[in-house]
Every structure is written in structure tokens, then in C-alpha cells.
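Shown next, in C-alpha cells, is the structure this report addresses.
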Amino acid sequence: MDRMDRKIVAALQREGRRKLAELSAEVGLSPTPLARRIARLEAEGVITGYGARVDQDKLGLPLNAFVFVELEQHSRDAIRAFEARLRQFDEVLECYLMTGTRDVLIRVVAADLSAFDRFLEDGLMQTPGIRAMRTSFALRTMIRREALPEH
């Protein structure tokens with residue numbers, strides 16, 4: 001990726017729905033070469049998709065819970081099976097394999113504590129391979145960025 005590719009990616013992260021002519025003027029590249037670069041960035045997997053940012057509170061999902069999971073086994077197969085199971089839960093927005101004393105960090109959204117409790121009891125606690133879990137609830141979002149920093 002060169003400097004122009006980075007400008008294009010940064011502009012698209014700020015506003016992915018802008019017209020090609022607007023983007024062309026912003027990055028200083030005519031529309032045809034710009035379109036080719038965007039197509040290449042998509043083909044190379046740098047740009048992985050487009051979507052709308054939504055307000056989770058307005059969708060009735062204000063609760064953010066962070067669940068720290070310690071797994072019983074750390075084999076590749078055990079981790080893959082656990083990951084496959086988590087993909088079945090729509091409440092799980094993010095999941096990270098971690099270093100340190102906790103193996104996995106999961107971000108879960110829910111309408112309220114009762115909905116989170118149902119997810120926990122009927123879903124996550126029924127998932128094989130979990131040794132221990134600890135949950136922390138977010139009181140509020142202090143910083144949330146959608147765009148990756150330029151470098």
C-alpha cells in the first residue's frame with residue numbers, strides 16, 4: 001500500500017457512502033484510477049466490506065458486557081470448537097483470544113440484565129470447554145473509534 005492507498009482507505013473509513021466524484025476530489029485522484037485502486041484494495045482484502053454504523057441504544061441493546069473466559073483445554077481443536085460455538089450467538093459482537101490469565105474476552109450486547117442472564121444460562125454456560133467465567137459490565141462508552149489510525 002502506498003500513500004495514495006492510505007488516503008483512500010482513511011477517507012472511506014470516515015464516510016464509506018460518498019460519491020466517487022467527491023472522494024476523487026478529496027484524495028486528489030481522477031475517478032477512473034480511483035475506482036481501480038478501490039477495486040484492488042477490495043480484491044486484496046484491505047477493504048473487507050461496507051456497512052452502516054448504528055446506535056445500539058436506539059436498537060434497544062444498551063447493555064455491554066465483557067465476559068472473560070478461561071478454557072479447560074488450549075489445543076487448537078478446542079479453541080476452534082469454542083469459537084464455532086460462539087459464532088452461533090448473535091449477542092456476541094466481538095471475541096478475542098488473549099494472553100494472560102484469561103483465555104478469551106467476549107463482548108456481549110443485550111437489552112437488559114434479564115436478557116443477558118438468559119444468554120448466559122441458556123447459551124454460554126451450555127458451551128463445553130469453559131473452566132471459569134467472569135463478567136464486567138460497561139457503565140458507559142468513553143471512547144469508540146470506527147476508523148483505524150493512519151500510519
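Quick notes on this one:
- Residue-level check: of (1) of a type in the set (A, V, I, L, M, F, W, C); (2) touching a residue at least 60 places away in the same chain (Cβ under 8 Å); (3) outside any helix (DSSP H, G or I), Ala10 misses just (3).
- Residues of the stretch 15-30 that are open to solvent by 60 Å² or more (accessible area, probe 1.4 Å) and in a helix (DSSP H, G or I): Leu20, Ala21, Glu22, Ala25, Glu26.
- Residue identified as without any contact (Cβ under 8 Å) to a residue 40 or more places away in the chain and closer than 30 Å to Ile47 by Cα among Leu139, Leu97, Leu148, Leu86: Leu97
- Residues (touching a Lys or Arg at 6+ places or on another chain (Cβ under 9 Å) and in a loop (DSSP other than H, G, I, E, B)) located in the stretch 60-72: Glu72
- Residue that is most open to solvent (accessible area, probe 1.4 Å) [pool: residues in the stretch 82-115 that are of a type in the set (Phe, Trp, Tyr) and closer than 12 Å to Val67 by Cβ]: Tyr96
- Whichever residue in the stretch 121-136 is of a type in the set (A, V, I, L, M) and in contact (Cβ under 8 Å) with a residue 24 or more places away in the chain and, among such residues, is surrounded by the most Cβ atoms within 10 Å (Cβ to Cβ): Leu124
- Within the stretch 46-68, tally of residues that are on the phi > 0 side of the Ramachandran plot and touching a residue at least 24 places away in the same chain (Cβ under 8 Å): 1
- Among (1) over 30 Å from Ile130 (Cα atoms); (2) modelled with pLDDT of 90 or more, the one test that His74 misses: (1)
The values are calculated or read from the model by the stated rules, or taken from the named source; none is laboratory data. Here the structure is a predicted model, which is why all the values come from computation and not from measurement. For neighbour counting, all protein chains shown are included, and Cβ atoms are generated from backbone atoms with ideal geometry for every residue, glycine included. Calculation scope for accessible area: heavy atoms of the full protein, side chains included, ligands and nucleic acids excluded. Shrake-Rupley method; radii C 1.70, N 1.55, O 1.52, S 1.80 Å.
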